[in-house]
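Take a look at the structure set out below.
The values are calculated or read from the model by the stated rules, or taken from the named source; none is laboratory data. If you're wondering where the values come from, they're calculated on a predicted model, not measured in any experiment. Here the Cβ positions follow ideal geometry from the backbone for every residue, glycine too, while neighbour counts run over all protein chains shown. Each accessible area value is taken on the protein alone, full model and side chains, heavy atoms only, with ligands, DNA and RNA left out. Shrake-Rupley method; radii C 1.70, N 1.55, O 1.52, S 1.80 Å.
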Amino acid sequence: MSVIDTALREGVIGIAQQAGAAIMQVYASGFDIERKADDSPVTTADLAAHALIVQGLAQLTPELPVLSEESAQLPWETRRQWQRYWLVDPLDGTREFIKRNGEFSVNIALIDAGLPVFGVVQAPVTGVLWHATRGGNAYRRDGASEDAIITQVPPALPLRVAASRSHRSPRTEELLQRMGDIELVAQGSSLKFCRIAEGTLDVYPRLGPTSEWDTAAGQCVLEAAGGVLLAADTGQPFQYNQRPRLLNGDFVAMGDASLPWQDWVAGL
């Protein structure tokens, strides 16, 4: 049997859509903001989506553990025994949620032997959803419409690059200068990976920490669409649950793997 059969795929997609609906209920009615130990924000929408997803996945695949951003305190001694597990960000882009700019998502990925083998990214505001299976195609689902997506290779010039228009670090500024003539595109959360996957963005460089649940689902969608997410120091795709810490290093996500990314990041 394939890694993901139709029933499991549609079950997870349904869970992501339900989480998106729960997030939008909070979005419409107002919400409280709390601070976690690392000073990152968390809202009632994060917690509602987390509870819904964990419960739904437990019913769908009771044999598989779930690691969510909102349950990240699980010890390494427990996690290191996992071969297959769900890696979840119930609300990716909490800051965007708080700003009410619509650029947030629900991320659900199935990890097997360190690799994202199935990924779902759902945009609550629009209802658009992207999903992919490792070794298969990537798809964009909008209501009753579903289309296979691929990255744009070669990319059109200027390169369309996802990077914040404000609060960029000096390292990121240097990287962007090295890229030459580019068009900066503001986009929050893992929606950046999906836009590269469908060919409406070309590059997403990230110099600075992210967490494993921020990238896994988007990486699966991007790779299935023909793109890559590469660690800036090794040039290798990210693997998950390989070490005690859950933070990623610097990376570059691209629709066209032949772009000269090593020149952009060298020495930064």
- Determine the pairs where a residue that is more than 16 Å from Asp92 (Cα to Cα), located within the range 11-26, has a partner that is open to solvent by 10 Å² or more (accessible area, probe 1.4 Å) and not small (Gly, Ala, Ser) with Cβ atoms under 6 Å apart, the partner being 6 or more residues away or on another chain. Gly11/Leu60
- Query: What residue, among those in the range 132-158 that are among the β-branched types (Val, Ile, Thr) and part of a strand (DSSP E or B), is surrounded by the fewest Cβ atoms within 10 Å (Cβ to Cβ)?
  - Reply: Thr133
- Return yes when Pro41 is open to solvent by less than 20 Å² (accessible area, probe 1.4 Å), under 21 Å from Leu246 (Cβ atoms) and either touching a residue at least 40 places away in the same chain (Cβ under 8 Å) or under 21 Å from the mean Cα position of the chain (by Cα) (or both) and no when it is not. yes
- Task: Mind counting the residues in the range 116-131 that are open to solvent by less than 10 Å² (accessible area, probe 1.4 Å) and among the small types (Gly, Ala, Ser)?
- Result: 2
- Task: Give the residues of the range 192-218 that are part of a helix (DSSP H, G or I), open to solvent by 10 Å² or more (accessible area, probe 1.4 Å) and in contact with a Ser or Thr (Cβ under 8 Å, 6 or more places away or on another chain), sorted by residue number.
- Result: Trp213, Asp214
- Per-region count, the range 166-191, residues without any contact (Cβ under 8 Å) to a residue 60 or more places away in the chain, open to solvent by 60 Å² or more (accessible area, probe 1.4 Å) and not in a loop (DSSP other than H, G, I, E, B): 4
- Which helices (runs of 4 or more DSSP H) does the range 1-86 wholly contain that include 2 or more residues that are hydrophobic (A, V, I, L, M, F, W, C)? 6-29, 44-60
- Determine which member of the set Ala51, Ala22, Ala72 is within 18 Å of the chain's Cα centre (by Cα) and either open to solvent by 40 Å² or more (accessible area, probe 1.4 Å) or not acidic (Asp, Glu) (or both). Ala72
- Query: How many residues are at pLDDT 85 or above, buried (at least 24 other Cβ atoms within 10 Å of the Cβ) and not in a strand (DSSP E or B) if we restrict to the range 94-115?
  - Reply: 1
